[in-house]
Each structure stands twice: as structure tokens, then as C-alpha cells.
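Scroll down for the structure; my scribbles are underneath it.
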Amino acid sequence: NQLHVGQENRTKYESWLKSLQNRSDLIIIDSSEAGTPLSYNDLWSFSADHHPDLILVDGLHLIQSEDKKSSGWEDIKDGSSYLKSAAIQLRMAVLGVYQGNRDTAKPDAGPATISQAGYGFSVMQISDRVLSIGYDKQDMNKRVYTVPKMRNGEVLEERRYLTFDVNNG
């Protein structure tokens, strides 16, 4: 949170980012470094070349479709199917980070429901599991979460709490 509001030491943060680049077990692709938005084909090719156990996509709505004529929600729908197919075929897990709609930003909104996924109900439909996380307004080290979808398991609709201090683990 300190980095987000501009109060964290940027040099320390940049040093940490550089330390990640030297790890052989972690590859980070940033579309800003590539100069163009990443596409679903880019992710599939990368996965086929490197065979990762896990791909984490921060901002599914930011990935570009190959079809220039489709709308944003169509890109997300097709892309979600594409990523799920890649996960199954290449035997890897794909975690996609998604943002809730404006209703989720209201005070005491809690974790988003499946229908509150901004531009992305289709992502929720194709997902095997959906974990929804929100802030606890009283404690910034605490997160409120639910599991509104679990294809082969128990849905957890009641709020649960996770406390995590990044400085202490």
C-alpha cells in the first residue's frame, strides 16, 4: 500500500524487481517492456516454450485479442476459453486477476460476487474456481474473502478473513 500512495522507497522497490530478474524459476513478462499489449497467442506460445507450472495474469481485461473487430467483452470471453484450453492441454494452472465493477468500491462492499466482475462475467463462467478478495476497512493487513464458485468442491459464501503482514509473513 505504501508503494501505491508514493510513500515507499522507489530505489528499494526497483532493487527488489531486479533481484526477481535473476531467478531461473520465475519469468515475468510486462507488456510495457514489450512495447505492445500481450495477446492470448503470446501467452500460449510462451507457455508452450517454457512449460510453466503456473501462469499468473494480472489484468485479464488488458490482454489483447487477435480479432481487431471484436468488442472488449468478446475478447475476454474468447480469451478466457483460450487460456483454459492452454491450461488443460499444457497441464498448468492459470490464475487470472480480475477487477470488480464499481459496486465493489463502495464502503463495506466486501468481496465481489460473481455478477460483479467488471466486463467479465464470462471469465467467471469458464473458471473452475473463483476466489473473491476485498479489503477490511478496519485493518489494512486483513483481507475478506469468499469462494463464490468451486466447480468440484464447496462454495464458501460466508465471509472469511485472512491476516497477512507483508513485512512479517
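The values are calculated or read from the model by the stated rules, or taken from the named source; none is laboratory data. The structure displayed is predicted, hence computed values, not measured ones. Reconstructed Cβ throughout: ideal geometry from the backbone, glycine too, with neighbour counts over all protein chains shown. Heavy atoms of the whole protein, side chains included, go into the accessibility calculation; ligands, DNA and RNA do not. Shrake-Rupley method; radii C 1.70, N 1.55, O 1.52, S 1.80 Å.
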(request) Give the residues of the stretch 104-119 that are under 19 Å from G59 (Cβ atoms), part of a loop (DSSP other than H, G, I, E, B) and open to solvent by 80 Å² or more (accessible area, probe 1.4 Å), sorted by residue number. (result) Y119
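Filter the stretch 124-153 down to residues that are among the hydrophobic types (A, V, I, L, M, F, W, C), out of contact with any strand residue (DSSP E or B) (no Cβ under 6 Å at 6 or more places or on another chain) and under 27 Å from Y82 (Cβ atoms), then give me how many there are. Spell out how you get there, then give the answer.
Within the stretch 124-153, the first condition is being among the hydrophobic types (A, V, I, L, M, F, W, C), and the residues that meet it are 124, 126, 130-131, 133, 140, 144, 147, 150.
This time we only want the ones that are out of contact with any strand residue (DSSP E or B) (no Cβ under 6 Å at 6 or more places or on another chain), so: 126, 140.
The next check asks that each one be under 27 Å from Y82 (Cβ atoms); those that pass are 126.
Summing the residues that are among the hydrophobic types (A, V, I, L, M, F, W, C), out of contact with any strand residue (DSSP E or B) (no Cβ under 6 Å at 6 or more places or on another chain) and under 27 Å from Y82 (Cβ atoms) in the stretch 124-153 gives 1.
Of these, N141, N167, N152, which one is in a strand (DSSP E or B) and either under 27 Å from S47 (Cα atoms) or open to solvent by 60 Å² or more (accessible area, probe 1.4 Å) (or both)?
Numbers: N167 fails: in a strand (DSSP E or B); N152 fails: in a strand (DSSP E or B).
Within the list N141, N167, N152, the selection yields N141.
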(request) Look at the stretch 15-66 and say how many of its residues are farther than 23 Å from Q89 by Cβ and touching a Phe, Trp or Tyr at 6+ places or on another chain (Cβ under 7 Å). (result) 1
(message) Quick check on my filter: what residues within the stretch 87-146 are on the phi > 0 side of the Ramachandran plot and among the charged types (D, E, K, R)?
(response) R91, D108
(request) Determine the pairs where a residue that is assigned to a strand (DSSP E or B), located within the stretch 39-62, has a partner that is of a type in the set (V, I, T) with Cβ atoms under 6 Å apart, the partner being 6 or more residues away or on another chain. (result) I55/V94; D58/V97
(request) For the stretch 70-99, name all the residues that are β-branched (V, I, T) and either closer than 22 Å to I133 by Cα or open to solvent by less than 50 Å² (accessible area, probe 1.4 Å) (or both). (result) I76, V94, V97
(request) Tally the residues that are under 25 Å from V123 (Cβ atoms) and β-branched (V, I, T), restricting the search to the stretch 138-169. (result) 4
(message) Need the failing condition index for H50 against (1) more than 28 Å from G134 (Cα to Cα); (2) within 17 Å of the chain's Cα centre (by Cα), just the number.
(response) (2)
(message) Considering only the stretch 22-38, I want to know if a residue exists there that is modelled with pLDDT under 75, closer than 24 Å to A117 by Cα and part of a loop (DSSP other than H, G, I, E, B).
(response) yes
